[in-house]
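J.: Pasting in a structure now, in structure tokens, and then I'll have a few things to ask.
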Amino acid sequence: MLFYGEERRADGVDHWHPIAAGFVTSLNRPGGTLTGVTTLTEELAAKQLEVLHELKPMTTSVALLVNPAGPLAESTTNDVQAAARKLGLQLHVLHASSEREFDTVFATLAQLRAGGLMPGVDSLFNRRIEQLTALTIRHAVPTIYHNREFPAAGGLMSYGTSLAQAYRQVGIYTGRILKGEKPSDLPVVQSTKVDFIINLKTAKALGLQIPDKLVAIADEVIE
């Protein structure tokens, strides 16, 4: 059996780590009937904040949106707070544990006058991509996300693990298993390719000029 999941950094495990979750006994030798692919998650959050700061270098405060019930909420908050201190930014941490709380979040953002928003990695936000991206445009909040699905749905930009690479690896492993290889003999693979996506159409709608240096390093520009 194959699994695809998101993984905490190597120096600290949590419920998303395949070993901590009990899926496998070792990344190199999984044992049992499971193997698969893990992806980078909140270790990319600091870089996402840096990109947001490059987009709006004059801003003094940004907001992080997390689901307090999510497994990555605390660790992501700690990482982004540390990155914000290095950049001299004030970080506002906002919580939403259901879609009903999104409107409250954006009303709070307007009051705080935060210069940008970072939604953390969470299944709630992944299930509400169109709703979240529409709210960021309606409230004119520059936002950076963690995967391509958000800018593809109208969000401003994303910086995160390439899901295409992860899915491709899952497909490769599926083929190998169907040909007779045992999952226990296939090491768990970490997908490390990172994609930076910019939606220029959304930038125009928000009245933003994307710096040339960001456009130059983008893996994909949506126009």
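J.: Using a basic spin-label model with each label point 7 Å from the Cα along Cα→Cβ, how many nm lie between Leu163 and Lys182?
T.: In this crude spin-label approximation the distance works out to 3.4 nm.
J.: Compare the Cα positions of Leu49, Gly88, Thr77 along the charge dipole of the range 43-160 (+1 at Cβ of Lys, Arg; -1 at Cβ of Asp, Glu; about the Cα centre) and return the one farthest towards the positive end.
T.: Checking the options against the dipole of the range 43-160, the answer is Gly88.
J.: Using the Karplus curve 6.51 cos²θ - 1.76 cosθ + 1.60 with θ = phi - 60°, work out ³J(HN,Hα) for each residue of the range 73-88 in order, rounded to whole Hz, and write x for Gly and Pro.
T.: 4, 5, 5, 5, 4, 4, 5, 6, 4, 5, 5, 5, 4, 5, 8, x
J.: Quick check: residue separation of Lys201 and Leu87 times 0.36 nm, minus the Cα distance between them. What number comes out in nm?
T.: Separation in residues times 0.36 nm, less the Cα-Cα distance, equals 38.2 nm.
J.: What does the extension gain come out to for Ala134 and Thr33, with contour length at 0.36 nm per residue minus their alpha carbon separation?
T.: 32.2 nm
Any read-out appearing in this document is the output of simple, stated calculations on the displayed coordinates, not a laboratory observation. The shown structure was predicted, so the numbers you read here are calculated from the model rather than taken from an experiment. Cβ sites come from the backbone with ideal geometry, for glycine too, and all protein chains shown count toward neighbours.
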